Amino acid sequence: MQISVKTNARTQMVDITSQVQNAVKESIVEDGIKNGLVHVFSMHTTAAITINENADPAVETDILNTINKTIPWDDNFKHMEGNSAAHIKVSLFGPSETIPLENGFLVLGTWQGIYFCEFDGPRNRRVNIQIIGA
Ligand code: ZN
């Protein structure tokens, strides 16, 4: 199954935890799988998935400020499309995360949230969610 994510900045972290949990709930109604693994996959070369703290929004700001400072938008990159910084960030963060599923619920720590990481927005994006039964 897939979910849509609309971003509104060049770099942005969007908390998609509740969207993923809702998609998983719908899937359980269809196929009954309540235990296993949930694979969350960004279908893009310039947007990643990560898991990190979603309690203090300053964490998002600090992550984005640091990654933008580490990999500046312009740095004599050769890629003609002009968005190499976004491609590099995705390779560092990775395109997916896998979350345990127990009794129909994502097993996340108290402070953990699933983030869609936009690195070349704003855009309309797609995230694929696959449940692997235990
Ligand atoms: Zn490109």
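Among the residues that make up the stretch 42-62, is at least one of them open to solvent by 80 Å² or more (accessible area, probe 1.4 Å) and within 16 Å of the ligand (Cβ to nearest atom)?
The answer is yes; a qualifying residue exists.
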Test: residue in the stretch 10-25 that is within 24 Å of A134 (Cβ to Cβ) and over 18 Å from the mean Cα position of the chain (by Cα): yes
Could you grab me the full set of residues in the stretch 94-134 that are open to solvent by 50 Å² or more (accessible area, probe 1.4 Å) and hydrophobic (A, V, I, L, M, F, W, C)? F105, V107, W111, I132, A134
Within the stretch 64-86, does at least one residue satisfy the condition of being under 24 Å from Q2 (Cα atoms) and either modelled with pLDDT of 95 or more or more than 19 Å from the chain's Cα centre (by Cα) (or both)? yes
Quick one: which residue in E97, E118, E60, E102 is among the acidic types (D, E), within 18 Å of the chain's Cα centre (by Cα) and within 15 Å of Q21 (Cα to Cα)? E97
Scanning for something part of a strand (DSSP E or B), among the hydroxyl-bearing types (S, T, Y) and exposed (fewer than 15 other Cβ atoms within 10 Å of the Cβ), does the stretch 3-22 turn up at least one residue? yes
If K89 passes every condition in (1) under 14 Å from the mean Cα position of the chain (by Cα); (2) open to solvent by 10 Å² or more (accessible area, probe 1.4 Å); (3) within 14 Å of the ligand (Cβ to nearest atom) but one, which one does it miss? (2)
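Show me the strands (runs of 3 or more DSSP E) entirely contained within the stretch 33-134 in which 3 or more residues are more than 15 Å from D15 (Cα to Cα).
36-42, 96-102, 124-133
The values are calculated or read from the model by the stated rules, or taken from the named source; none is laboratory data. Predicted, not measured: the structure shown is a model, and the values here were computed from it. Note that we place each Cβ from the backbone using ideal geometry, even for glycine, and neighbour counts take in every protein chain shown. All accessible areas refer to the heavy atoms of the entire protein, side chains included, with ligands and DNA or RNA removed. Shrake-Rupley method; radii C 1.70, N 1.55, O 1.52, S 1.80 Å.
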